[in-house]
Amino acid sequence: MRIHYRCKHCQSTIAELNHERLNLEKLGFNHLAPEQKKNMIKYNHTGNVDVFVICESCEAALYKYPVYHEFDYFIH
């Protein structure tokens, strides 16, 4: 299974994990609430997984400009 960590705001790739014995439970995603899983984890047609989190750059922009929390995407 290949897991891609992507920024939910700028869509940049943060990390990629690829291991045949890797699964979401081993990474602790089973501890998330169902709504959190729905918002963070997307399965694609090839069986790979995209996990949407926030990159450091977007996190800094959100800290500096809190109004950005109102937007799904923003340019910085």
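Of note:
- Residue in segment 21-36 that is within 12 Å of the chain's Cα centre (by Cα) and under 21 Å from D72 (Cα atoms) present: yes
- If the condition is being open to solvent by 90 Å² or more (accessible area, probe 1.4 Å) and more than 22 Å from A15 (Cβ to Cβ), then segment 53-76 contributes K64, Y65, H69, E70, F71, I75.
- Here H9 meets each of (1) within 11 Å of the chain's Cα centre (by Cα); (2) without any contact (Cβ under 8 Å) to a residue 60 or more places away in the chain with one exception, condition (2).
- Residues in segment 1-37 that are polar (S, T, N, Q) and within 13 Å of N48 (Cα to Cα): N18, N23.
- Among residues of segment 8-52, those that are on the phi > 0 side of the Ramachandran plot and open to solvent by 90 Å² or more (accessible area, probe 1.4 Å), counted: 0
The values are calculated or read from the model by the stated rules, or taken from the named source; none is laboratory data. Note that the coordinates shown come from a computational prediction; the quantities given were computed from them, not determined experimentally. No Cβ is skipped: glycine too gets one built from the backbone with ideal geometry, and neighbour counts run over all protein chains shown. Note: areas computed on protein heavy atoms with side chains; ligands, DNA, RNA excluded. Shrake-Rupley method; radii C 1.70, N 1.55, O 1.52, S 1.80 Å.
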